[in-house]
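Q: First the structure, then my questions, so here it is.
The values are calculated or read from the model by the stated rules, or taken from the named source; none is laboratory data. Bear in mind the structure is a predicted one, so any value in this text is a computation, not a measurement. Positions of Cβ are backbone-derived with ideal geometry, glycine not excepted, and every protein chain shown enters the neighbour counts. Areas reflect the complete protein model, heavy atoms only, side chains present, ligands, DNA and RNA absent. Shrake-Rupley method; radii C 1.70, N 1.55, O 1.52, S 1.80 Å.
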Amino acid sequence: MSVTNTPLRTLNEQDVLDQLRALRAKQPVKYTAFYSSQLGGIVTDPALMVIPFDDHMVHRGHGIFDTAGIVNGRIYDLDAHLDRFLKSAERSKLTLPSSRAEMRDIIIRTTAASGRRDGSIRYWLSSGPGNLDLTPAAGAEPGFFVMIFAGLAYPEKWKTEGVRVMTTTYPIKPPLYAITKTTNYLPNVLMQMEAKEQGFDNGVFIDHAGHVGESSNMNVAFVSKDDVLIHPRFDHILSGCTSLRVIELAQQLVKQGRLKDVRVANITMAEALASKEMLLIGSSVRVTGIVQWDQHTIGDGKPGPISRALLQLLEEDMRTGDRLIDVPY
Ligand SMILES: Cc1ncc(COP(=O)(O)O)c(C=O)c1O
């Protein structure tokens, strides 16, 4: 092991600020505004978008989050994402720093301050700083953070050529942790890394009973041979806001006779592999066709018509539906 002779300096405030700015200059990010209840306001300089290292969300993973989208200067489906956020907070025994209405208002006002008209809003609730213990420190105040950023980007060819997934070798989270959107994403991270290492785009969790679960940060669904849209049950995976909306919108395809039915049910891997279409669904990916699972080709190896139709319905809903909130830029 080599040991450097560079002295370890004790830094002053200005040194720290300079170093935070240098880090951001080395690795530019598209974060346009950050609200922190701990700072008591909004910052727009990414170098200042920081939280104390002893916040229990950092060193114990005692925190939750959620992500909503900004589409053409409006926020899409925020209330569904906030409902899930509050359920995750309750299951994680996290105290809310303020009322739901106040948090909602902070999210909207941080979006306005960012000036961003397309992108994502991610917000977190942390157990708060104060010690390096497990249970919250005495007098710990929960932290509420809101980040406005460009959103996750996926290769353009996913839309035209579809996505290739593998069955992950990592175990699915136990149901309580899978239905709660906590900051503990280690299995999800490892699954995605494993898939990339093996030349796939993403992974899929299978549960202990052999039923299909979900992907890293997306749900999966299927169009069966007899034209039924089947989505895995939400009792062992995250209840995707996009999936819940797509399930509603799919009724339009049932009315048009393009689907026979829409079902939320357990689905085995064998049933899934026999389907005509397999879909990835989530806020970041919207609706994208999966064309390969392990060594199996799904359908005819191209994104299918139901996947395209559902994407169209979802994008229409994101542009003109009744789930949009105006942002006072
Ligand atoms: C594990 C997991 N499953 C599914 C989803 C899809 O949820 P949504 O449609 O709300 O983005 C996400 C994304 O948040 C996720 O992290």
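Q: Run through every distinct alpha carbon pair of the chain and return the Kirkwood hydrodynamic radius in angstroms, one decimal place.
A: 21.4 Å
Q: By average Cβ neighbour count within 10 Å, what is the ranking of 65-71, 19-25 from highest down?
A: Numbers: 65-71: 20.7, 19-25: 13.0.
Packing proxy ranking, top to bottom: 65-71, 19-25.
Q: How far apart, in nanometres, would the label points at residue 54 and residue 233 be if each is projected 7 angstrom from Cα along the Cα-to-Cβ direction?
A: 4.5 nm
Q: Using all Cα-Cα distances in region 55-201, what percent lands in each 10 angstrom bin from 0 up to the longest?
A: Spelled out bin by bin, region 55-201 gives 11, 32, 34, 20, 3, 0 percent.
Q: Taking the simple approach of a point 7 Å from Cα along Cα-to-Cβ for both residue 4 and residue 83, what is their distance in nm?
A: The modelled label-to-label distance comes out at 5.2 nm.
Q: All other residues with a Cβ under 14 Å from the Cβ of residue 195 taken together, and with Lys, Arg as +1 and Asp, Glu as -1, what is their net charge? The partial results should precede the final answer.
A: Values: positive: 164, 196; negative: 194, 197, 201, 214, 294.
Summing Lys/Arg as +1 and Asp/Glu as -1 gives -3.
Q: Here is a further query. Given only helices, namely DSSP H runs of n ≥ 4 each adding -39500 (n - 2.57), what is the per-residue ellipticity at 222 nm of the chain, to the nearest 500 deg cm²/dmol?
A: -9000 deg cm²/dmol, from helical runs alone.
Q: I would also like to ask the following. Under 11 Å from the Cβ of residue 54, count the other residues' Cβ atoms, weight Lys and Arg +1, Asp and Glu -1, and hand me the total. Let's see the in-between values first.
A: Details: positive: 60; negative: 55, 133.
Charge balance near residue 54 sits at -1.
Q: Kindly report the accessible area of region 185-276 per residue (heavy atoms of protein chains, probe 1.4 Å, no ligands, DNA or RNA), in Å².
A: 44 Å²
Q: Further question: Just subtract the alpha-carbon distance of residue 135 and residue 193 from 0.36 nm times their residue separation and send over the number in nm, one decimal.
A: Numbers: separation 58, 0.36 × 58 = 20.88 nm, distance 3.09 nm.
Fully extending the segment from residue 135 to residue 193 adds 17.8 nm.
Q: Would you please state the base-10 log of I(q)/I(0) at q = 0.15, 0.25, 0.31 1/Å for region 1-54, with intensities from the Debye formula using one equal scatterer on every alpha carbon?
A: Listed by q, the Debye log ratios stand at -0.57, -1.09, -1.22.
Q: Past 31 Å, Cα to Cα: identify those pairs from 196/276; 30/276; 26/196; 159/225, in the order given. Don't skip to the answer; put the middle values down first.
A: Numbers: 196/276 25 Å; 30/276 38 Å; 26/196 25 Å; 159/225 23 Å.
In this structure, 30/276 lie more than 31 Å apart at Cα.
Q: Continuing with the same structure: Be a star and scan region 211-238 for residues whose amide nitrogen sits under 13 Å from the point 7 Å along the Cα-to-Cβ vector of residue 260.
A: Correct set: 223-230.
Q: Over region 1-138, give the accessible area per residue in Å² for a 1.4 Å probe, as an integer. Please list the in-between numbers first.
A: Details: 7860 Å² over 138 residues.
Result: 57 Å² per residue.
Q: Quick one: pull the percent of accessible area on the chain belonging to carbon and sulfur, 1.4 Å probe, ligands and nucleic acids left out. If you can, show how the numbers build up before the last one.
A: Details: 8830 of 16600 Å².
For the chain, the apolar C and S fraction of the accessible surface comes to 53 percent.
Q: Follow-up question, since we're still on this one. Can you give the extra length, in nm with one decimal, that the chain gains between residue 276 and residue 90 once fully stretched, where that is 0.36 nm per residue apart less the Cα-Cα distance?
A: On the way: separation 186, 0.36 × 186 = 66.96 nm, distance 3.89 nm.
Fully extending the segment from residue 276 to residue 90 adds 63.1 nm.
Q: Can you tell me, using C-alpha contacts under 8 Å and at least 6 residues apart, the relative contact order of region 42-102 as a whole percent?
A: Computed value for region 42-102: 23 percent relative contact order.
Q: What is the angle, in °, between the Cα long axis of helix 186-197 and the longest principal axis of the Cα atoms in the chain? Nearest 10 is fine, range 0 to 90.
A: 70 degrees
Q: Within 12 Å, Cβ to Cβ, of residue 204, how many net charges do the neighbouring residues add up to if Lys/Arg are +1 and Asp/Glu are -1? List each step's numbers first, then the result.
A: On the way: positive: 164; negative: 194, 201, 207, 214, 294.
Computed value for this residue: -4.
Q: Report the Cα-based extents of region 177-329 along its three principal axes, largest first, to the nearest Å.
A: Principal extents (Cα only, largest first): 42, 40, 28 Å.
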